[in-house]
Amino acid sequence: MTIDANAARSFGPAADLYDSIRPTYPAEALRWQTGDAPKDIVDLGAGTGLLTRGLIALGHRVTAVEPDDQMLAKLTDASPGLAAAHAGPAEALPLADASADIVTAGQAFHWFDRSRALPEIRRVLRPEGLLAPIWNVRDDATGWVGALTEAIGSSQGEQDALAAAEPGYFGPEFAAPEHRVFRHEWPLDRAGVVRLVQSRSYYLTADDARKERIIAVVNDVLDTHPDLAGKEAFAMPYNTHAFKVRPA
């Protein structure tokens, strides 16, 4: 895959927005990935800590790794109980060999150069370790959500959440993944849907004219779709794609 470096770097200036509007991950999915006993977990591409905090809440010892200084600053401020935090990319991890029971990535794995990141992840995992990426993907089977996706398109992350189940996605270092999908809903109002779209890389990297067009089509769906008639608050439905990938 080709990684859009400009898009990958777009989130830092919007760290506060990102943290306030992006959905968290269902605890059921995180328990399935990590188990009940406390683990040493490295959260890669940790962003502002949405996944990090969910893992801490389950009792795990979490080290966050995030390349963007602004996102990392938000994470450290908002994540009490964090074991450690490091600035760095997934392709060159500032971590010792065999130092993690589990490596996670929430809504982030698609930004990694897999040919370089997967050997690094394998290096820091212990022999019985586990790679556990996770993605929240809008449920387009819901009428108004499908109309929204038709209007604004799908992100690379939404596409990779499906591609990750295909053979070879995790390279020769890892075996075929276990994959489960969990239902998840995120409460929003109309302004929240707009803010959610404004937190996406395709909006953050757009020029002013394109930003106006994006918001116009979002508002058109919100104003005209019959599923939302008379509603000011509703739930955004997600299918959360969770993976467990063991070293080969």
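Is it fair to say Asp43 is of a type in the set (D, E, K, R), surrounded by 17 or more Cβ atoms within 10 Å (Cβ to Cβ), under 24 Å from Arg123 (Cβ atoms) and more than 18 Å from the chain's Cα centre (by Cα)? Here the answer is no, as Asp43 does not meet what is asked.
The residue that is farthest from the chain's Cα centre (by Cα), among those in the stretch 207-248 that are of a type in the set (A, V, I, L, M, F, W, C), under 26 Å from Thr24 (Cβ atoms) and not in a strand (DSSP E or B), is Leu228. Selection of the stretch 91-125 for residues being assigned to a loop (DSSP other than H, G, I, E, B) and either in contact with a Ser or Thr (Cβ under 8 Å, 6 or more places away or on another chain) or at pLDDT 95 or above (or both) yields Glu91, Ala92, Leu93, Pro94, Leu95, Ala96, Asp97, Ala98, Ser99. State all residues of the stretch 220-235 that are touching a Gly at 6+ places or on another chain (Cβ under 8 Å) and either among the polar types (S, T, N, Q) or surrounded by 15 or more Cβ atoms within 10 Å (Cβ to Cβ) (or both); if no residue qualifies, say none. If the condition is that a residue be touching a Gly at 6+ places or on another chain (Cβ under 8 Å) and either among the polar types (S, T, N, Q) or surrounded by 15 or more Cβ atoms within 10 Å (Cβ to Cβ) (or both), then His225 is the only one that fits. Scanning the stretch 53-66 for residues that are surrounded by 20 or more Cβ atoms within 10 Å (Cβ to Cβ) and either at pLDDT below 95 or in a helix (DSSP H, G or I) (or both) turns up Arg53, Gly54, Leu55, Ile56.
If you filter the stretch 31-50 down to residues that are more than 25 Å from Tyr18 (Cβ to Cβ) and in a loop (DSSP other than H, G, I, E, B), you find that the one that is modelled with the lowest pLDDT is Asp36.
Take the conditions free of Cβ contacts under 8 Å to residues at least 40 places away in the same chain, open to solvent by 30 Å² or more (accessible area, probe 1.4 Å) and more than 23 Å from Val218 (Cβ to Cβ) and apply them to Glu120. Does it pass? In short, yes.
Does Ala132 meet the test of being closer than 30 Å to Gln198 by Cβ, buried (at least 16 other Cβ atoms within 10 Å of the Cβ) and under 16 Å from the mean Cα position of the chain (by Cα)?
Answer is yes for this residue.
The values are calculated or read from the model by the stated rules, or taken from the named source; none is laboratory data. Keep in mind it's a predicted model, so treat the numbers as computed, not measured. As a convention, Cβ positions derive from the backbone with ideal geometry for all residues, glycine included, and neighbour counts pool all protein chains shown. Please note that ligands, DNA and RNA were not included when accessible areas were found on the heavy atoms of the full protein model with its side chains. Shrake-Rupley method; radii C 1.70, N 1.55, O 1.52, S 1.80 Å.
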